[in-house]
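Written below as structure tokens is the structure these notes are about.
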Amino acid sequence: MGAGQGHLFSVDAQKDWIENTQAKIPKELVEFVTIHHSTLSTMTLEGTLCHMYDSLPDISPNFIYVDGPEGLEVK
């Protein structure tokens with residue numbers, strides 16, 4: 001990755017959404033996007049029931065935006 005270039009990592013539990021998103025990425029941007037599939041699990045964090053991705057990319061991001069995951073996908 002050259003100076004001034006970024007890379008978008010996305011994590012999703014639904015393969016249909018991954019395929020939908022990949023189909024919409026312009027060809028000139030494909031090299032800058034990685035979409036990662038992961039199952040979901042539940043856990044308790046400080047007494048609060050929550051869900052989490054079982055697998056995440058091994059990265060150190062500069063920015064994180066969370067939109068999901070959908071609770072119905074949790075096993």
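Read the figures in this text as sums done on the coordinates, not as results from a lab. Computed from a predicted structure; not experimentally measured. Every residue, glycine among them, receives a Cβ derived from its backbone with ideal geometry; neighbour counts consider all protein chains shown.
Remarks
- Filtered by the rule that a residue be more than 18 Å from Glu70 (Cβ to Cβ), part of a helix (DSSP H, G or I) and among the aliphatic types (A, V, I, L, M), the stretch 4-33 gives Ala23, Leu29, Val30.
- Selection within the stretch 34-75 - touching a residue at least 12 places away in the same chain (Cβ under 8 Å) and part of a strand (DSSP E or B): Thr34, Ile35, His36, His37, Leu40, Ser41, Thr42, His51, Met52, Tyr53
- Picking from residues in the stretch 32-75 that are small (Gly, Ala, Ser) and in contact with an Asp or Glu (Cβ under 9 Å, 6 or more places away or on another chain), the one that is surrounded by the most Cβ atoms within 10 Å (Cβ to Cβ) is Ser38.
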